[in-house]
Amino acid sequence: MNNKVIPLSVPNLSLDILENIKETIETGWVSTGGRFIQEFEAKMAKYVGVERAVSCQSGTAGLHLALRVLGVGHGDEVIVPTLTFIAAVNPVRYMGAEPVFMDCDESLNMDLEKLEEFLENECQFIDGKVINNKTKRKIKAIVAVHVFGNPLQLERLMEIKVKYGLKLIEDATEALGSYYLEGRYAGRFCGTIGDVGVYSFNANKIITTGGGGMIVSHDQELLDEILFLSVQAKTDPLYFIHDDVGYNYRMTNIQAAFGTDQIDKLENFIETKIRNYNFYKEAMESITGLTLMPFRNDTRANYWFYSVIVDKEGYGIDRDGLLRRLNENGIQSRPLWGLIHKQKPYLENQRYKIEKAGFYESNLINIPCSSNLEKEDIYQVLEYLQLNFTF
């Protein structure tokens, strides 16, 4: 069988973007100045329903800036998920702080039952500060990730945040376009509810600028500080006066030229992703031993990644066997990230009752889910998912 290669998740780009790129070249505005940066920021703010957005070099840079302006510093602790990409955790170390790792729930997001249990039983609340009984360090913030675009239970998390006086960074790098349908935050987008929200436009995300990120907050003073720090903390641009240590974290005009075009197509991309997910779901109901993981039905998720649980007993081969089968036949698939608390830089860090995450690490596979995926591509993936299929 002569198969085409089907990538896991690639940009959905069209040549109509060339006019924007042509303008950046003709005007010479290719770096961290130019009209497309402000235009993209304005479009992002309008889309997610906030007053303002500040662009940056990457989602990782956005998380770093968020931690800094929220006052996380040397010797502090930040609660993070172990089931996530490592870029959600590394910025904690950039600030000289230490992560404390939490387990996941059945949605792959942070287990909020265990989070509250940890804060209640393993910490003390002294003079308005949460002190970790084991390490004696101050817990300053939570970084909560909307994994694969599936919104976490933010209403519950916000209650925990307020109860314990913690800062909350929403890592919405995978969740642009996901929003809540019910409850206190009905109609609100992921990333717009905590103290600071961060988005990513990496090449595998639902829209892309090649690289790049965006930061939102309802606190305009925080955004002012984020912008200031992202341009090397330049107080006087004419005489190069710097009042703080800043970063070269500003998005380029070329990246933003992609973004202003891409964001106009975001809802169409999500519509396609939902349709393709449902097509996979219907077909896979007849494949014993494979389960396509659901998205929460009280939200409108962006369906960024499709996750499949492999039950070796029912399916016939294990997750790794299926990974090899797919990738050897040109269907790019991948396992879940290695759990962060097991990575070499974080082996000594505290983790709390991590039990479920190991199951997903061992049994989950992500299958092709690009927004330009054709029905014929899905048929090809499904053929290789059926072990009894004869080629």
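Here, each number is a calculation from the coordinates, and none is a lab measurement. Since the model is a prediction, treat every value here as computed from it, not as a measurement. In this analysis, Cβ positions are derived from the backbone assuming ideal geometry, glycine residues included, and neighbour counts consider all displayed protein chains.
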- [ ] Of the options G165, L83, Y247, report the single residue whose Cα projects farthest towards the positive end of the charge dipole of segment 15-264 (beta-carbon charges: Lys, Arg +1; Asp, Glu -1).
- [x] Y247
Open item on the list: Between segment 313-331 and segment 249-267, what is the separation of their alpha carbon centroids in Å?
Closed with: 36 Å
Task: Pair S31, I86: separation of 7 Å Cα→Cβ label points (nm) - done: 3.1 nm
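So how do L83, L382, L181 line up by other beta-carbon neighbours within 10 Å, fewest first? Walk me through the intermediate numbers first.
Working: L83 29, L382 17, L181 13.
Exposure proxy ranking, most exposed first: L181, L382, L83.
Could you list C123, C104 so that the one with the fewest beta carbons within 10 Å of its beta carbon is first and the one with the most is last? Don't jump to the answer; show the numbers that get you there.
Values: C123 20, C104 26.
Ordered by Cβ neighbours within 10 Å, fewest first: C123, C104.
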Open item on the list: Can you compute 3J(HN,Hα) from phi for each residue in segment 184-201, using the Karplus curve 6.51 cos²θ - 1.76 cosθ + 1.60 with θ = phi - 60°, rounded to whole Hz and x for Gly and Pro?
Closed with: 4, 9, 4, x, 8, 8, 4, x, 10, 10, x, 5, 9, x, 10, 10, 10, 10
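How much net charge surrounds E374 when only the other residues with a Cβ under 14 Å from the Cβ of E374 are counted, with Lys and Arg +1 and Asp and Glu -1?
Working: positive: K4, K273, R275, K375; negative: E376, D377.
Local net charge: +2.
Between T288 and Y47, what is 0.36 nm times their sequence separation minus the Cα-Cα distance? Round to one decimal in nm.
Numbers: separation 241, 0.36 × 241 = 86.76 nm, distance 4.05 nm.
Difference between extended and current length: 82.7 nm.
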Task: Label-to-label distance, nm, for residues given as L15 and E122 (7 Å Cα→Cβ offset) - done: 5.6 nm
Task: Sites excluded, trypsin sites (Lys or Arg not before Pro) in DSSP loops with at most 14 other C-beta within 10 Å, longest stretch of the chain - done: 185-352
Task: Virtual spin-label span in nm between H218 and E328, 7 Å along Cα→Cβ - done: 5.4 nm
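Taking loop as defined by DSSP and a crowding limit of 11 other beta carbons within 10 Å, which GluC sites (Glu not before Pro) in segment 246-310 fit? Show your work: numbers first, answer last.
Numbers: sites: E267, E271, E282, E285; in loops: E285.
Sites meeting the loop and neighbour criteria: E285.
How charged is the neighbourhood of R52? Take every other residue with its Cβ under 11 Å from the Cβ of R52, and add Lys/Arg as +1 and Asp/Glu as -1.
On the way: positive: K46; negative: E41, E51, D219, D224.
Residues close to R52 contribute a combined charge of -3.
Can you put H242, H64, H74, H146 in order, fewest other beta carbons within 10 Å first? Spell out each step's value before the answer.
On the way: H242 12, H64 25, H74 8, H146 28.
Listed from fewest to most nearby Cβ atoms, that is H74, H242, H64, H146.
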